[in-house]
Amino acid sequence: MSRILITGSSDGLGLQAARLLIAAGHDVVLHARNAARAADTAAAAPGAGGVLVADLSSIEQTTALAADANASGPFDAVIHNAAVGYREPRRIETVDGLAHVFAVNVLAPYLLTALVTPPRRLVYLSSGMATGGDPALDDLQWTRRRWDGSQAYTDSKLFDAVLAFAMARRWPGVLSNAVEPGWVPTKMGGPGAPDDLVQAPVTQAWLAASADPEARVSGRYFYHLRRKATHPAARDETVQEGLLAACAELTGVKLGSGPTVAERPA
């Protein structure tokens, strides 16, 4: 049995992945944005090991979430699922003065990675849209460019893959991978999305807990249980280090050194 934290698991793919893992006998801790959603989340996933609460658009609340996660005991895996979509018609600013899409989709997983006791496995949710992402780091907060919600989301999903590959390189003792779940008819994807909703949560659950040697790899990008190529910038060490440095500057939190001996198949 593995102990797994899934962010953004009050609905959508996070909740579906949680149900798969709970059904397989794992101890799954969920996350919701506020107390009201936490109550609904607990009811929607019977058998969960608890629900942690934090608004990931807030650095303070995300930091508190990491503390709560550590207080509840170590995790074998963390699935960084939480995200906001591509339909924000204007640049929404968080309490920290940051672009909302970047704060939730990129900065929160960085901060949780830096502050939560390193698990054996990390899974970051990317998107097929990441191939259209702009890896430039000079205007991450969209203060100079004209706002484009779709591009901001696309960039953020590229940066999630960048985070996954950066951690695979930085922390060789942790299996860190990125997942493209497909364009599926969730609340974010919309009712017309053409991909397979049944398959969408399977790969992240598999990477988080499976004993399959194919799931016990690191620095890979997956789509429906198969390895897939993504934007080449995701593997660019200059981009990786630049993004990590930008996130460290924004949060005041630097990545520590992780485990040095990777989990291997028995």
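The values are calculated or read from the model by the stated rules, or taken from the named source; none is laboratory data. No experiment lies behind these values; they were computed from the predicted model shown. Positions of Cβ are generated from backbone atoms using ideal geometry, with glycine treated the same way; all protein chains shown enter the neighbour counts.
Which condition number does Met1 fail, the rest of (1) modelled with pLDDT under 95; (2) more than 20 Å from Ser210 (Cβ to Cβ) being met?
Here Met1 meets the rest and fails (2).
Any residue that is at pLDDT 95 or above and closer than 27 Å to Asp11 by Cβ - is there at least one of those in the stretch 179-196?
Let us first name the residues in the stretch 179-196 that are at pLDDT 95 or above, namely 179-180.
In the following step, the residues that additionally are closer than 27 Å to Asp11 by Cβ were identified as 179-180.
Yes.
Give me a count of the residues in the stretch 234-254 that are surrounded by fewer than 19 Cβ atoms within 10 Å (Cβ to Cβ) and of a type in the set (A, V, I, L, M).
3
Can you say whether Ala130 is touching a helix residue (DSSP H, G or I) at 6+ places or on another chain (Cβ under 9 Å) and either at pLDDT below 95 or part of a helix (DSSP H, G or I) (or both), as far as the supplied structure shows? Outline the logic, then answer.
Numbers: touching a helix residue (DSSP H, G or I) at 6+ places or on another chain (Cβ under 9 Å): yes; either at pLDDT below 95 or part of a helix (DSSP H, G or I) (or both): yes.
In short, yes.
Can you pull out the residues in the stretch 108-126 that are part of a loop (DSSP other than H, G, I, E, B) and either of a type in the set (Phe, Trp, Tyr) or touching a strand residue (DSSP E or B) at 6+ places or on another chain (Cβ under 8 Å) (or both)?
Within the stretch 108-126, Val116, Pro119, Arg120, Ser126 meet the criteria.
Filter the stretch 210-233 down to residues that are buried (at least 18 other Cβ atoms within 10 Å of the Cβ), in a strand (DSSP E or B) and not hydroxyl-bearing (Ser, Thr, Tyr), then give me how many there are.
Adding up the residues that qualify gives 1.
For the stretch 161-184, what are the residues that are part of a helix (DSSP H, G or I) and either surrounded by 24 or more Cβ atoms within 10 Å (Cβ to Cβ) or of a type in the set (Lys, Arg) (or both)?
Scanning the stretch 161-184 gives Ala161, Val162, Leu163, Ala164, Phe165, Ala166, Met167, Arg169, Arg170.
For the stretch 8-58, give me each residue that is touching a Leu at 6+ places or on another chain (Cβ under 6 Å) and among the hydroxyl-bearing types (Ser, Thr, Tyr).
Ser9, Thr41 - these are the residues of the stretch 8-58 that are touching a Leu at 6+ places or on another chain (Cβ under 6 Å) and among the hydroxyl-bearing types (Ser, Thr, Tyr).
Using the structure shown, decide if Leu244 is in a loop (DSSP other than H, G, I, E, B), within 30 Å of Val95 (Cα to Cα) and under 17 Å from the mean Cα position of the chain (by Cα).
no
For every residue, the table says whether it meets (1) touching a Gly at 6+ places or on another chain (Cβ under 9 Å); (2) part of a loop (DSSP other than H, G, I, E, B); (3) among the acidic types (Asp, Glu); (4) farther than 17 Å from Thr251 by Cα.
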{"residue": "Thr63", "(1), (2), (3), (4)": "no, no, no, no"}
{"residue": "Phe75", "(1), (2), (3), (4)": "no, yes, no, yes"}
{"residue": "Glu88", "(1), (2), (3), (4)": "yes, yes, yes, yes"}
{"residue": "Val106", "(1), (2), (3), (4)": "no, no, no, no"}
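Any residue in the stretch 127-155 that's under 12 Å from Asn105 (Cα atoms): show its pairings with residues that are crowded, with 20+ Cβ neighbours inside 10 Å and among the β-branched types (Val, Ile, Thr) at Cβ separation under 6 Å, as long as the two are six or more apart or on different chains.
Final answer for the pair search is Ala152/Val101; Tyr153/Val101.
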